[in-house]
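Note sheet for the following structure.
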Amino acid sequence: MTVAALELQNIEFSWPQQAKPLFAIAELTLQQGETLFIGGPSGCGKTSLLSLITGIQVAQQGTCRVLGTTMNRLSPSDRDLFRGEHLGLIFQQFNLLPFLTVQENIELPSKLFDRRFKKSTQLFGSVQAHVDRLCDALHLEPALRHRRANLLSVGEQQRVAAARALLGCPSLIVADEPTSALDEDNKIDFLNLLLSTASAQKTSVITVSHDIRIASKFDRVFLMPRRESQHVLA
């Protein structure tokens, strides 16, 4: 039986000293291999929702289950380990280590988490072979791979961040405003590359963005109006 990538039930989340919940979600489910776009106005809680899904925060009420694991039953250290082993993260500011090379940045998950190392080795023969496959898929030329991250263009940094997230074949990619720094043409190109590469690895993708125009690229769309009821579109 295949477990769902994400199951939220009766979730309520608020920050300390907040009188009302920032958001409430009755139910949201994403099957393994599907892609989900989360949209809504600034301040509605999109990034806070990602923090629940990734185990950085826990909800005051309800159940958040990721890849069959109930996140709010894990200790903080166990959530950290689960996140590193099973999730690939793409941050709005990329969070590359500036003085490491492209190759070294992409390899990081395999050096920090044994499960990611083993998956790359089992499926591609070696971590290097997986890095090569990802670089080819994401159009990162061989000449770039020994260049320091702080010498890359914004678009190149974006693709390196995606390759790092995909290394080790995590079951779920979580991306926070991954196209916000890109122009329109590069935005669509990057999304196509990310989603096609994730699909080839049978990896689910959850993306948060304020840009509703990219929603059509995803299997499902979840809209978060500010402190109102949420709507899921098939």
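The values are calculated or read from the model by the stated rules, or taken from the named source; none is laboratory data. Predicted model, so just to flag it, every value in this text is computed and none were measured. FYI the Cβ positions are ideal-geometry reconstructions off the backbone, even for glycines, and counts take in every protein chain you see.
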Report task. Output the strands (runs of 3 or more DSSP E) that fall wholly within region 125-233 and possess 2 or more residues being out of contact with any Lys or Arg (no Cβ under 8 Å at 6 or more places or on another chain) and not polar (S, T, N, Q), or say none. Result -> 172-176, 204-208, 220-223
Requested in this report: Keeping to region 9-37, report how many residues are touching a strand residue (DSSP E or B) at 6+ places or on another chain (Cβ under 7 Å), at pLDDT below 90 and over 14 Å from residue 50 (Cα atoms).
Outcome: 1
Query raised in the report: Within region 157-192, restricting attention to residues that are in contact with an Asp or Glu (Cβ under 9 Å, 6 or more places away or on another chain) and buried (at least 16 other Cβ atoms within 10 Å of the Cβ), which residue is farthest from residue 35 (Cα to Cα)?
Result: 182
Report task. Answer yes if at least one residue in region 120-140 is at negative phi, surrounded by fewer than 16 Cβ atoms within 10 Å (Cβ to Cβ) and in contact (Cβ under 8 Å) with a residue 24 or more places away in the chain, and no otherwise. Result -> yes
Report summary line: residue 179 passes all but one of the listed conditions (1) without any contact (Cβ under 8 Å) to a residue 24 or more places away in the chain; (2) touching a helix residue (DSSP H, G or I) at 6+ places or on another chain (Cβ under 6 Å); (3) not small (Gly, Ala, Ser); the exception is number (1)
